[in-house]
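S.K.: One structure, pasted below without further comment.
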Amino acid sequence: MTDATTNVKDESPWRERVRALKNMPPVLYILWESGPGVVTWGLLLRVVVAVLPFAIAKVAAFIIQDIADVIRGQHLAANFWSLVIAEVSLNVVLGLLTRAIDYTDSLLANRYTQHVSVKVMEQAARLDLTTYENPIFYDRLERARVQATDRLAMIQQMGRLFQQVITTLVFSAALAWASPWLVLLLALGVLPSFLGETHYAFLGYAKNFRQTTAKRQMDYLRQMAGSREGAKEVKLFGLNKFFTERFQRLANQIYVEDVALSRAKLIVGGLLGIIGTLGYYGAYVYVIWRTLRGGYNLADFTFLTAAIQQASSNLQQVFSTASGIADQALFLTDLLAFFEMEPLVRSKPNGLSTPEPIKLGFEFKNVSFTYPGTNRTVLHNFNFHLHPGERIALIGENGQGKTTVVKLITRLYDPTEGQILLDGVDLREYSLEDLHRHIGVIFQDFMRFEMTARENIAVGRVDRQHQQEDIESAAHKSLADTVVAKLGGGYDQMLGRRFEGGVELSGGEWQKIALARAYLRDADLLILDEPTAALDARSELEVFERFAELTEGKMALLISHRFSTVRMADRIVVLSGGRLIEEGNHQKLMEKGGLYAEMFEMQAASYR
């Protein structure tokens with residue numbers, strides 16, 4: 001995998017900024033998806049609010065002219081008080097509509113945040129394990145998660161830019177009508193500041209991009225130093241200072257970079273700001289000069305000075321906001337690239353349904369497999385057949401490919417070479433979602449969901465609505481009912497310590513809950529990958545006796561290091577060096593006197 005923005009430091013800042021503008025249409029589409037009605041109302045309100053300052057300035061100019069005429073001895077205009085009421089009314093409406101825009105912005109912010117966060121979660125779940133093996137992916141995922149919500153400010157900026165552009169155009173048109181030089185002076189004053197702001201904004205993006213890995217390391221160190229899981233070893237090994245000092249080194253490195261950029265931006269931005277101020281007052285002095293020469297009357301002078309102030313302010317805001325949006329768009333590169341990522345393991349269009357019932361079973365034909373990003377081949381020319389109704393135990397030392405067989409048969413990965421067949425058809429021809437519905441798996445590193453006991457079991461088959469008797473039946477099969485019986489809240493008891501009222505379970509108790517999930521699936525193939533490692537010998541024997549009973553007539557694949565439990569398998573398959581070197585039942589393998597017999601005797605000797 002290559003990171004779409006790894007060359008950011010080598011790009012021309014302006015070329016990179018222009019290239020990033022292509023991010024805007026997809027983001028606007030996501031924004032529209034999140035709330036089309038709110039977006040529409042927000043735009044309509046902003047159009048009205050953008051024009052109101054022009055109307056207010058025009059009315060104010062007429063009022064001041066009428067007052068000046070009265071001071072010179074003329075009669076008060078008949079519509080004077082109507083103008084005053086009009087100005088007050090326009091300002092009241094402006095205030096109300098501004099609050100209405102704030103309301104629509106808050107609604108849109110909530111909808112957008114929720115919508116884009118769900119999209120990130122859905123995309124992360126859609127990607128396969130191959131993607132998760134790549135450290136670059138984690139940097140991209142971290143930036144995508146941050147960008148999903150942190151770019152909310154940019155969404156709000158786009159609304160402000162729309163409003164600012166309309167206001168600027170209206171006042172600029174009035175100034176251009178009076179004298180094109182006024183608009184030119186204002187633009188020349190603002191442009192240098194705009195260029196400086198965008199330049200340093202790009203440098204800020206490049207800096208944040210470089211710091212992603214360091215910030216991820218800081219998050220990891222912060223978590224390790226303060227997590228319940230790591231607390232015991234942190235205390236016993238005296239790791240607190242070690243973690244803290246490493247955290248401080250990374251934090252100081254980031255601090256130095258941040259301060260250097262802020263200092264440069266302060267100095268250069270200040271100098272460029274002076275140019276903007278001179279442009280504004282140049283236009284202001286020009287209007288004074290023309291008024292003194294009789295070119296403008298008092299109403300014109302009042303309106304033009306207000307227009308200069310409004311046009312200058314809004315022009316600066318337009319440049320500043322547009323610059324901010326363009327540079328914020330740089331940060332969207334990873335979010336959109338994340339959404340564009342495709343899993344390597346996926347269903348073909350119109351994939352086949354899993355056979356019901358399965359007649360021939362699963363077959364590995366000359367399968368070899370190498371994990372992404374490594375050169376070590378875990379399985380070499382592996383051949384293996386799991387027949388319907390057969391219970392097989394996979395045996396071998398750590399790292400010999402047992403869990404890899406499980407990941408391949410469940411199609412979490414595809415073979416590097418060879419084929420895996422289900423009823424004689426390549427596994428890649430089947431619908432991935434349908435295949436997974438027919439398989440129940442519990443890994444050694446199973447999830448401990450900090451939810452209720454009922455929910456912990458029910459997640460084993462979320463595509464169905466489960467009755468209480470279904471939950472209780474699955475718990476009885478895995479012996480989790482004995483665990484639930486000791487909980488104060490029964491099946492409604494919150495498990496884990498993350499949330500208030502939660503109860504922590506022992507490792508063995510958690511494993512029984514996890515086993516219940518597998519039994520709830522009522523799958524054609526049940527796989528247990530070291531599922532009872534935390535159980536004592538007696539509990540493990542009871543679990544596997546129940547397992548043997550409940551998998552009668554089903555396919556079952558068992559991985560365990562305890563030979564007392566694998567003896568009940570119909571066939572034992574021994575792996576070494578990624579190859580199948582022995583297979584047969586316990587008696588046959590013991591008589592053969594090979595690796596299985598040697599490993600069995602070594603384990604048996606430890607109990608004598």
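The values are calculated or read from the model by the stated rules, or taken from the named source; none is laboratory data. This structure is a prediction, so every number in the text was calculated from the model and none was measured. Virtual Cβ from ideal backbone geometry, glycine too; neighbours counted across all protein chains shown.
S.K.: Kindly provide the set of residues from segment 363-397 that are more than 22 Å from residue 129 (Cβ to Cβ) and assigned to a loop (DSSP other than H, G, I, E, B), ordered by number.
M.R.: 387, 388, 389, 390, 397
S.K.: Residues in segment 98-116: is at least one closer than 30 Å to residue 209 by Cβ, at pLDDT 75 or above, among the acidic types (Asp, Glu) and surrounded by 12 or more Cβ atoms within 10 Å (Cβ to Cβ)?
M.R.: Checking segment 98-116: at least one residue is closer than 30 Å to residue 209 by Cβ, at pLDDT 75 or above, among the acidic types (Asp, Glu) and surrounded by 12 or more Cβ atoms within 10 Å (Cβ to Cβ).
S.K.: Show the residue pairs meeting these rules: Cβ distance below 8 Å; 6+ apart or different chains; first residue within segment 354-375 and over 14 Å from residue 404 (Cβ atoms); second residue among the aromatic types (Phe, Trp, Tyr).
M.R.: 354/430; 363/384; 366/382
S.K.: On to the next question. What residue, of 444, 419, is in contact with a strand residue (DSSP E or B) (Cβ under 7 Å, 6 or more places away or on another chain) and in a loop (DSSP other than H, G, I, E, B)? Spell out the reasoning first.
M.R.: Working: 419 fails: in a loop (DSSP other than H, G, I, E, B).
Testing whether each residue is in contact with a strand residue (DSSP E or B) (Cβ under 7 Å, 6 or more places away or on another chain) and in a loop (DSSP other than H, G, I, E, B) leaves just 444.
S.K.: While we're on this one: Which members of segment 446-469 meet the condition of being free of Cβ contacts under 8 Å to residues at least 60 places away in the same chain, more than 26 Å from the chain's Cα centre (by Cα) and crowded, with 18+ Cβ neighbours inside 10 Å?
M.R.: Scanning segment 446-469 gives a single hit, 454.
S.K.: Further, regarding this structure: Just one of the numbered conditions (1) in contact with a Ser or Thr (Cβ under 7 Å, 6 or more places away or on another chain); (2) surrounded by fewer than 20 Cβ atoms within 10 Å (Cβ to Cβ); (3) modelled with pLDDT under 90; (4) farther than 18 Å from residue 430 by Cα is not true of residue 397; which one?
M.R.: Here residue 397 clears every test but (1).
S.K.: Quick one: in segment 337-383, which of the residues that are among the acidic types (Asp, Glu) and within 20 Å of residue 555 (Cα to Cα) is surrounded by the fewest Cβ atoms within 10 Å (Cβ to Cβ)?
M.R.: As a first pass, look at segment 337-383 and keep what is among the acidic types (Asp, Glu): 340, 342, 356, 363.
Remaining after also requiring within 20 Å of residue 555 (Cα to Cα): 356, 363.
Values: 356: 9, 363: 18.
Among those residues, the one meeting the criterion is 356.
S.K.: Taking residue 407 as meeting all but one of (1) closer than 24 Å to residue 584 by Cα; (2) in contact with a strand residue (DSSP E or B) (Cβ under 8 Å, 6 or more places away or on another chain); (3) not in a strand (DSSP E or B), write down the number of the exception.
M.R.: (2)
S.K.: Kindly indicate whether residue 272 is in a helix (DSSP H, G or I), within 21 Å of residue 325 (Cβ to Cβ) and at pLDDT 80 or above. Quick ask: steps written out before the conclusion?
M.R.: Details: in a helix (DSSP H, G or I): yes; within 21 Å of residue 325 (Cβ to Cβ): yes; at pLDDT 80 or above: no.
Against the criterion (in a helix (DSSP H, G or I), within 21 Å of residue 325 (Cβ to Cβ) and at pLDDT 80 or above), residue 272 does not qualify.
S.K.: Now for a different question. Quick check: anything in segment 557-570 more than 42 Å from the chain's Cα centre (by Cα) and at pLDDT 85 or above?
M.R.: Checked against the condition, which is being more than 42 Å from the chain's Cα centre (by Cα) and at pLDDT 85 or above, segment 557-570 yields at least one hit.
S.K.: Is there a residue in segment 284-303 that is part of a helix (DSSP H, G or I), surrounded by 15 or more Cβ atoms within 10 Å (Cβ to Cβ), modelled with pLDDT of 80 or more and not hydroxyl-bearing (Ser, Thr, Tyr)?
M.R.: no
S.K.: Another question, if that's okay. Output the number of residues of segment 494-524 satisfying the condition of being in a helix (DSSP H, G or I), aromatic (Phe, Trp, Tyr) and over 18 Å from residue 466 (Cβ atoms).
M.R.: 1
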